[in-house]
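Have a look at the structure below, then the notes.
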Amino acid sequence: MRILLFLGTNLAVIFLLSVVFSLLGLDGILAANGVDLDLGALLVYSAVIGFAGSIISLLMSKTMAKKGMGVHIIENPANPTEKWLIDTVAFQARRAGIGMPEVGIFEGAPNAFATGWNKNDALVAVSTGLMQSMNRDEVEAVLGHEVSHVANGDMVTLTLIQGVVNTFVVFLSRVIGHIVDRVVFKVERGHGPAFWIVSLAAQFILGILASMIVAWFSRQREFRADAGGADLAGKQKMISALAKLKSGQQDSLPDEMAAFGISGGKMAELFASHPPLDVRIARLQQSDS
């Protein structure tokens, strides 16, 4: 869910900036002398829009996750379970060499996430469903997985990759729009309506294709976080936690996963932010740790 929130915010910011830049006439840099496309200026323009979306998404990630998921932050533990969560995350954070993250609980099916703009200002949260369906060893492994995400700087790296991808999506969509405007509609100066229509359509299509690149990176970082969780909590605990998640999915997938077709074959796998649980378990079983 945190990835969906990040990507949704990112796409919304890109679209908004594109519209604002167009209304302000800043797209005029795309047609130097009324005819030729200034590729250098276009690249700068694309980078501003592309990285602004991902950076704003990163800075808002923790706040949006708290509100979007309804996370209750544990400030003063109200029961032994909350105290155990705080103590476990604190121990793992020290071992991982990061600052103590905020720790929270939210209502829902078995799930957990970590987010935040830097390693020392993060949030780690688990769902009530996870706490009810797993024993403490398994929850400890899940927490180790999420702490590893923070220690690996995954959100920052995701932001940089998303920024680069966004830049090329905006760049190529404007180039396509420019070519169609000049070659097909024979516009010689400035840009006609076709440029704006084709550019936005191309940006939408290229954005979908580019999301596969981001999803691939996200799957790789899950393998690294699994290895980190195994190091912090123990390999067998991490395998047991993944197996427990897998057994829960055999009956029914969470609504948000079903809605995005995450179980829908090879095509869905290209857009999935997480590898199949069978693959993750096998990777851990084959590891040396």
- Quick one: how many Å² of residue 284 are accessible to a 1.4 Å probe, rounded to 10? 10
- Roughly how many Å² of residue 279 are accessible to a 1.4 Å probe, to the nearest 10? 70
- Task: May I ask you to rank 196, 84 by accessible area, largest first, using a 1.4 Å probe over the protein chains only?
- Result: 196, 84
- In Å, the C-alpha Rg and Dmax of the stretch 37-108 are 19.3, 64
- Item | R0 of 41 Å, Cβ-Cβ distance residue 91-residue 271: FRET efficiency to nearest 0.05 | 0.70
- Item | Set of the stretch 146-182 residues, backbone N closer than 12 Å to the point 7 Å along the Cα-Cβ line of residue 205 | 173, 176-177, 180
- Measuring from its Cα centre, the stretch 140-212 shows a charge dipole (+1 at each Lys and Arg Cβ, -1 at each Asp and Glu Cβ) which, in debye to the nearest 20, is 600
- Query: Using 1/(1 + (r/R0)^6) with R0 = 35 angstrom and r between the beta carbons of residue 179 and residue 279, what's the FRET efficiency to the nearest 0.05?
  - Reply: 0.30
- Task: With all protein chains present, calculate the accessible area of residue 274 using a 1.4 Å probe and round the result to the nearest 10 Å².
- Result: 70
- Report the full-extension gain for the segment residue 132 to residue 212: residue separation times 0.36 nm, less the Cα-Cα distance, to one decimal in nm. 25.4 nm
- Across 83/119; 83/237; 62/119; 67/119; 83/246, pairs whose alpha-carbon gap is larger than 24 Å: 83/246
- To the nearest 0.05, the calculated FRET efficiency linking residue 84 and residue 39 through their beta-carbon distance, R0 being 51 Å, is 0.35
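The values are calculated or read from the model by the stated rules, or taken from the named source; none is laboratory data. Keep in mind the model is a prediction, meaning the values are calculated, not measured. All Cβ positions, even for glycine, are placed from backbone atoms using ideal geometry, and neighbour counts span all protein chains on display. Surface areas here come from the heavy atoms of the whole protein model, side chains and all, with no ligands, DNA or RNA. Shrake-Rupley method; radii C 1.70, N 1.55, O 1.52, S 1.80 Å.
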